[in-house]
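Scroll down for the structure; my scribbles are underneath it.
The values are calculated or read from the model by the stated rules, or taken from the named source; none is laboratory data. Not measured: the values here are computed from a predicted model. Note that each Cβ is placed from the backbone with ideal geometry, even for glycine, and that neighbours are counted across all protein chains shown. All accessible areas refer to the heavy atoms of the entire protein, side chains included, with ligands and DNA or RNA removed. Shrake-Rupley method; radii C 1.70, N 1.55, O 1.52, S 1.80 Å.
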Amino acid sequence: MVVLSKPTIADFPPIINCKSTTLFPVIPTVDLSEPDSKHLVVKSCEEFGFFKVINHGIPLELISRLETEVIEFFSLSLSEKQKAGPPDPFGYGNRSIGPNGDVGWVEYLLLTMNQERNSQKLATIFGKYPEKLCSALNDYVLAVKKMACELLELMADGLRIKPRNVFSKLLMDEQSDSVFRLNHYPPCSELQASNGKNMIGFGEHTDPQIISVLRSNNTSGLQISLGNGSWISVPPDANSFFINVGDSLQVMTNGRFKSVRHRVLANSIKSRISMIYFGGPPLNEKIAPLPSLVEGKESLYKEFTWFEYKRSAYKSRLGDNRLSQFERTAAT
């Protein structure tokens, strides 16, 4: 068994603590084997901006193959991993999340969907041809991208939008600005004596893209906000996927779907590995409420390109409301 490298609290800057919460017993669950799952998809996106997918059809062998390679990567010495960094924004990073001062009990590898660029980045560690990791990565991404598009088309069906690929075509576009992130949250044994408090692994935020597809190992830590200030812990499920509505999808649905605010808490005993596909549109794509969802209503957002929003988000802190400057109500 591979043992992941374990830093100590002294290796990290001070991180704010937060009170723990109880597990949320009922996460909205979409069974993709059910022929009429579109209504539950829409309801989940409206009420939570978040749901679990089961019977997804992605082979567990494919998932475990990538996880094995990811564990091998994060088990390397810090000096070896740093050869794939610093993040530019792609590459290896730890502690610092973005360029604006956010920190967390996490190390990560952020990758583009450009296979050649990933190979060049990882070749500094694994040799000239990092074939095993790149092969596992490509197979996995193709599978989750296909599932993400299927879900987006179910959303369009449930919203009675034509054509049904109005969302999915943005991910299928050759210029789609999608990214893939691998996170490792080392165990933090010092938390066992912290009087019920938890250390932030990854601070609260929303995802700026259209949709996020998350898979993690069987370790708790993920929490979502219910919108009333309360945080709910999501029971881990290594065999399922969790779906987040992103900021761009919230805009395109004119606020009908909610971009879920979420965070990760450090675990005192177990390592947590998460693998997230962020489905994004092309950089020049114009993001605005779909006309069919604005009929008889007020458009809540100004039109902007994905490049404009991505540039704005990159300048913000994790917890900022990045959509505020694009809301029409903010200008009145």
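The stretch 244-332 has equivalent-ellipsoid semi-axes of 28, 14, 14 Å, by the square roots of 5 times the alpha carbon gyration tensor eigenvalues, sorted largest first. Tell me, what is the FRET efficiency for GLU190 and GLU72 to the nearest 0.05, using R0 = 35 angstrom and their Cβ-Cβ distance as r? According to the calculation, E is roughly 0.85. Apolar share of the accessible surface for the chain: 52 percent from carbon plus sulfur atoms, 1.4 Å probe. Any idea what log10 I(q)/I(0) is at q = 0.12, 0.15, 0.18, 0.22 Å⁻¹ for the stretch 130-233, Debye with uniform C-alpha scatterers and no solvent? Normalising to I(0) and taking log10 leaves -0.62, -0.88, -1.09, -1.29.
Averaging 1/r across all pairs of distinct Cα atoms in the stretch 173-332 and inverting the result yields a Kirkwood radius of 17.1 Å. Pairwise Cα separations in the stretch 42-107 fall into 10 Å bins from 0 onward with the following percentages, short to long: 16, 29, 30, 23, 2. Taking one quarter of the surface of the C-alpha convex hull of the stretch 213-293 gives a mean projected area of 6.8 nm².
With helices as the sole contributors, the chain gives -8500 deg cm²/dmol at 222 nm; each DSSP H run of n ≥ 4 counts as -39500 (n - 2.57), and the sum is divided by every residue.
For a modelled paramagnetic label at TYR314, 7 Å from Cα along Cα-to-Cβ, the residues of the stretch 276-290 in reach, with backbone nitrogen under 16 Å, are 280-285. Pairwise Cα distances in the chain exceed 37 Å in 14 percent of cases. Past the 32 Å Cα-Cα mark, which pairs from LYS81/LYS258; LYS83/LYS270; LYS132/LYS270? Exceeds cut-off: LYS81/LYS258. Computed with a 1.4 Å probe over protein heavy atoms only, the accessible surface of the chain comes to 46 Å² per residue.
Just grab the label-to-label distance for HIS39 and GLU295, each label 7 Å out from Cα along the Cβ direction, in nm (one decimal). Calculated label separation equals 2.1 nm. Tell me the label-point distance for the pair SER324, SER79, using the 7 Å Cα-to-Cβ offset, in nm and rounded to one decimal. Each label point lies 7 Å from its Cα, and together they span 4.5 nm. The phi torsions of the stretch 256-273, fed into the Karplus equation with coefficients 6.51, -1.76 and 1.60 and a -60° offset, translate into couplings of 5, 8, 9, 6, 6, 8, 8, 7, 10, 9, 5, 9, 7, 10, 10, 6, 10, 10 Hz, rounded to whole numbers, with Gly and Pro shown as x.
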